[in-house]
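Everything on this sheet refers to the single structure shown next.
Every number here is computed from the coordinates shown, using simple stated rules; none is lab data. Keep in mind the model is a prediction, meaning the values are calculated, not measured. Here the Cβ positions follow ideal geometry from the backbone for every residue, glycine too, while neighbour counts run over all protein chains shown.
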Amino acid sequence: MDEKRIKEQRAILVGAGEDRQMGELGRLAETLGLEVLGVMEQGRRDGAGYLGRGKRRELRELVEELEVGVVVADDELTASQARLLEKEAGAALIDRTALIIRIFGEHARDAASRLEVELAELSYRLPRIKGGAGALSRLGGGVGGARRGPGEQQLEYDRRTIRERMRMIRKKLEDEKAARAVRGARLKGGGPPTVALVGYTNAGKTTILNALSGANRSTRDRLFETLETTTRLVSGSTDHDGLDGSRRRPDFVVTDTVGFIRKLPTQLVHSFAATLEAARDADVRVICADAGGNLAGLSEELGSVTGTLADAGIPTDDALLCLNKVDLLSEAELRGLEREYPRAVRISAREGTGEDTGEGVGPLVEAIYAKISSGHERVEILIPHEEYGEAARLYGTAEIHAEKVTAEGLYMDVTLPRRLLDRYARHALAAK
């Protein structure tokens, strides 16, 4: 049994066509616990078996030589392609879509994420089921009350049961989307500014969230370690301004989102709904990228992120670009990075470096506050004592440069979000 288990964990990667992402596919396979022992590529995709006949024979020989039990394809295969490739390779076949769905399934932690993964899996399986007693073995009981009608074939019954379960999941996810919209409206109504961390998977977004907010989220070095969006409050600090003395910076809310990836399976697009909403509604969007890994692939990863956002109608020209893990680069690589991305914020927010406590994200904090300030206006206001509640609402929302109690009320020199200017217009003394 031990030898069989070891064999089932050994894998060969295969890719065909021009858009091959073998390095990324290897990381996906390793994230699922597979040991990659070989890679086989072909420039043209074969319609019948993904790889051409000769390549399939080579694959069979490699499978036997390396004693592997799994072949991982870099694309989503049709049912017929998968059956032929699996038969001729003599090993279990898993395509890119099934691989990513399995990773999502292992990493889903909250109820909504688990529902999204289940919906993706059912969407993937629906055109591939062949009927039989085991066809619904992973549905966990199926849809309550479903019955097979007179004369209904097993295959038709299986498909009907899956469709009913998919309809139920979509209804639950729509309810969750409506609840998110309500929560978002409350935040935007009078709450602190919002910041969304978006980027390629495993770019260090969760580590940045931890450094900014002190949250204790998992930061293991695996693709799709974070699936559900997570929101944390970053309390504004009091620091020294050389012109005005002490100043109280506003709080802001930061959201960590699920990472993007190239060739994302269409079945999992829904899983990005919450991420896209967070990015669309944020006052500040921060595109995070791992600059300490493969610099040659950095441009492609950033293109994948900005392309996904653009397809969703979300602008990126005003986003902050945050390049993480720059402490792993040489001096020459750093200079090249500065030339290539002169406006980027460069940080080193990594666990184990001593910089996950917040020191490493200092430049990003300053850039976020600068971005927030661009949507604010500085004014002097005088709030009567009997309306002190209006002043209390500004703590954590506005940047307070100075305040003083006078006979007429509380004098404040503040930088306000523009959305609050009308509310405090009657208290304004003069704009700066």
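If you count, for each residue, the other Cβ atoms within 10 Å and average over each peptide, how do 201-209, 163-171 line up from highest to lowest? Please list the in-between numbers first.
Details: 201-209: 26.4, 163-171: 14.6.
So the order, starting with the most tightly packed, is 201-209, 163-171.
Using modelled backbone amide H atoms (1.01 Å from N, in-plane), which distant-in-sequence or interchain residues come within less than 5 Å of residue 40's amide H?
Result for residue 40 returns 13, 14, 15.
Take peptides 57-70, 94-107, 375-388 and line them up by average Cβ neighbours within 10 Å, highest first, as a rough protection proxy.
Numbers: 57-70: 16.8, 94-107: 21.2, 375-388: 15.2.
My ranking of the peptides, most packed first, is 94-107, 57-70, 375-388.
Please list, in chain and number order, the residues 5+ apart from residue 402 or on another chain whose amide H is under 5 Å from its amide H, with Hs placed from the backbone.
413
Any idea how far apart residue 5 and residue 168 come out in nm if each label point goes 7 Å out from Cα toward Cβ?
Result: 3.4 nm between the two label points.
Could you calculate the FRET efficiency of residue 422 with residue 235 from 1/(1 + (r/R0)^6), where r is the beta carbon distance between them and R0 is 35 Å, rounded to 0.05? Display every interim value, and only then the final one.
Details: r = 27 Å, r/R0 = 0.76.
Taking R0 as 35 Å, the efficiency between residue 422 and residue 235 is 0.85.
Quick check on my link table: of 205/404; 87/263; 7/325; 205/263; 177/371, which ones sit more than 31 Å apart, alpha carbon to alpha carbon? Walk me through the numbers before you get to the answer.
Values: 205/404 40 Å; 87/263 26 Å; 7/325 35 Å; 205/263 21 Å; 177/371 28 Å.
Beyond 31 Å between Cα atoms: 205/404; 7/325.
Tell me the label-point distance for the pair residue 404, residue 334, using the 7 Å Cα-to-Cβ offset, in nm and rounded to one decimal.
Reported label-point gap for residue 404 and residue 334 is 4.5 nm.
Pop out the ³J(HN,Hα) list for region 198-214 in order, Karplus 6.51 cos²θ - 1.76 cosθ + 1.60 with θ = phi - 60°, rounded to Hz; leave Gly and Pro as x.
With coefficients 6.51, -1.76 and 1.60, one gets 10, x, 5, 4, 6, 8, x, 4, 5, 5, 5, 4, 4, 5, 6, 10, x Hz.
Could you state the number of Å between the C-alpha centres of region 385-425 and region 314-334?
One Cα centre to the other: 37 Å.
Spelling out what I want: for every residue of region 106-119, take phi, set θ = phi - 60°, compute 6.51 cos²θ - 1.76 cosθ + 1.60 (Karplus), and round to whole Hz; glycine and proline get x.
So the J values, rounded to whole Hz, are 6, 9, 5, 10, 9, 4, 5, 5, 5, 5, 5, 5, 4, 4.
Could you name the aspartates and glutamates in cross-link range of residue 171, using Cα to Cα under 16 Å and dropping any fewer than eight places away on the same chain?
Within the straight-line cut-off, residue 171 pairs with 116, 118.
As I understand it, the dipole of region 376-431 uses +1 on the Cβ of Lys and Arg and -1 on the Cβ of Asp and Glu, about the Cα centre. Which of 391, 420, 381 lies farthest toward its positive end?
Of the candidates, 420 comes out farthest on the positive side.
Residue by residue, what Karplus-based ³J(HN,Hα) values in Hz, rounded to whole numbers, does region 65-81 have, using 6.51, -1.76 and 1.60 with θ = phi - 60° and x for Gly and Pro?
5, 8, 6, 9, x, 9, 10, 10, 9, 7, 10, 6, 9, 6, 4, 5, 4
Using a 10 Å cut-off on Cβ atoms, rank the peptides 72-78, 39-45 from the highest mean neighbour count down. Could the numbers behind the result be given before it?
On the way: 72-78: 21.6, 39-45: 15.1.
The peptides rank, most packed first, as 72-78, 39-45.
Express as a percent, rounded to the nearest 5, the fraction of DSSP beta bridges in region 376-431 (both residues included) that run antiparallel.
Numbers: 17 of 18 bridges.
Of all bridge pairs located within region 376-431, approximately 95 percent are antiparallel.
Return the Rg/Rh value of region 2-94, two decimal places, where both radii are evaluated on C-alpha atoms and Rh is the Kirkwood radius. If you can, show how the numbers build up before the last one.
Working: Rg = 12.1 Å, Rh = 12.9 Å.
Here the Rg-to-Rh quotient is 0.94.
Please compute the modelled spin-label separation between residue 30 and residue 153, points set 7 Å along Cα→Cβ, answer in nm with one decimal.
4.6
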